[in-house]
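Colleague: For reference, the structure I am asking about is given below.
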Ligand SMILES: Cc1cc2nc3c(=O)[nH]c(=O)nc-3n(C[C@H](O)[C@H](O)[C@H](O)COP(=O)(O)OP(=O)(O)OC[C@H]3O[C@@H](n4cnc5c(N)ncnc54)[C@H](O)[C@@H]3O)c2cc1C
């Protein structure tokens, strides 16, 4: 049945005209994820406004087509086989309004562009997020953070899409996870006035540390595992002698043992195998069960 619906969707006969222009077919997920793995997505839809998001969800639910929301693909691992549904790629849903120290930004907006705007306007509060290749939506979902900074410290309010209702609410978060149920559409971010040069200096310092301690120029998805309470995941991985594992073109990074890098043509299957070995060995040695930070799509 789903196959029939997909054929109809491919013919686009079920799509209103205004949605057709933003629909692409047979997109390789390798091109849309920073780790550069994954199969082919049958459809990829690039909404530009809330109505288009509501419309595509409505059609997908009505016709029983699975869908998945994607930001910049920097914390997601898709399977090697094809994704028989719609990837809702949020990158074109990207507006920003600034009013003094308050910034309202939609979820497809680039976090790094936002940091640049904050810096240019002498607004402090997000400097430690330099180098995180996220969209705002992905950063909210993950409560992205680094060097003592995190989304939760600056987000005042979020706009959420839940059960086809659009709601404004307080941002709820824990370590590396936004807890609001639904899809993040927008955020109101409150920063503070500060010296532009000081902001730039802090950002440069953090970026310099990041480039020395993380393989940021290689295909990765950032940290593989969350830090368990009282431990650093990279230390456990190293201590369990897992820092030199390589399977095919997937390998534990030589620079940071809580990163897995794609050395060329790595497959998701190989990355998952490494994740399993690390979890088993760390548990065996430390009695600590590591929890994946990366979102594994099945
Ligand atoms: C080189 C490198 C360095 C990194 N450094 C850091 C770091 O220092 N700190 C850190 O925290 N992370 C870091 N990361 C990881 C990653 O960038 C963050 O987790 C980021 O927040 C993911 O954002 P994204 O837009 O790429 O999300 P995606 O990977 O596209 O999606 C992540 C999850 O969020 C969901 N999602 C996406 N958009 C929405 C939305 N609008 N509403 C609801 N759910 C949504 C997706 O379905 C998925 O489950 C790094 C990654 C790389 C590659």
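Since every read-out is calculated from the coordinates, none of them should be taken as a lab result. Predicted model, so just to flag it, every value in this text is computed and none were measured. Cβ sites come from the backbone with ideal geometry, for glycine too, and all protein chains shown count toward neighbours.
Colleague: Looking at the chain as a GNM with Cα springs under 10 Å, which of 144, 240, 250 has the largest mean-square fluctuation?
Modeller: Result: 240 has the largest fluctuation of those listed.
Colleague: Run lengths n ≥ 4 of DSSP H only: what is the helix-derived mean residue ellipticity at 222 nm for the chain, with -39500 (n - 2.57) per run over all residues, to the nearest 500?
Modeller: Computed ellipticity for the chain at 222 nm equals -9000 deg cm²/dmol.
Colleague: Could you give the spread of the C-alpha atoms of segment 96-213 along their three principal axes, from largest to smallest, in whole angstroms?
Modeller: 43, 33, 19
Colleague: Quote the relative contact order of the chain in percent (integer), defining contacts as alpha-carbon pairs under 8 Å separated by 6+ residues.
Modeller: Relative contact order for the chain comes out at 16 percent.
Colleague: Tell me, 65, 247 in order of fewest to most beta-carbon neighbours within 10 Å?
Modeller: Taking fewest neighbouring Cβ atoms as first place, the list is 247, 65.
Colleague: Over segment 233-296, one equal point on each Cα, no solvent: what is log10 I(q)/I(0) by the Debye formula at q = 0.30 Å⁻¹?
Modeller: Summing over Cα pairs of segment 233-296 leads to -1.41.
Colleague: Mind pulling the per residue volume of the convex hull built on the Cα atoms of the chain? Å³ is fine.
Modeller: It is 134 Å³ per residue.
Colleague: Going by the alpha-carbon gyration tensor, a ≥ b ≥ c the square roots of its eigenvalues, is segment 171-217 rounded (a/c under 1.5) or, if a/c is not under 1.5, prolate (a/b greater than b/c) versus oblate?
Modeller: oblate
Colleague: Let me ask something else. Of all alpha-carbon pairs in segment 181-298, indicate the percentage at a distance above 22 angstrom.
Modeller: 46 percent
Colleague: Only counting other Cβ atoms within 10 Å, I'd like 44, 98 sorted with the fewest neighbours first.
Modeller: 98, 44
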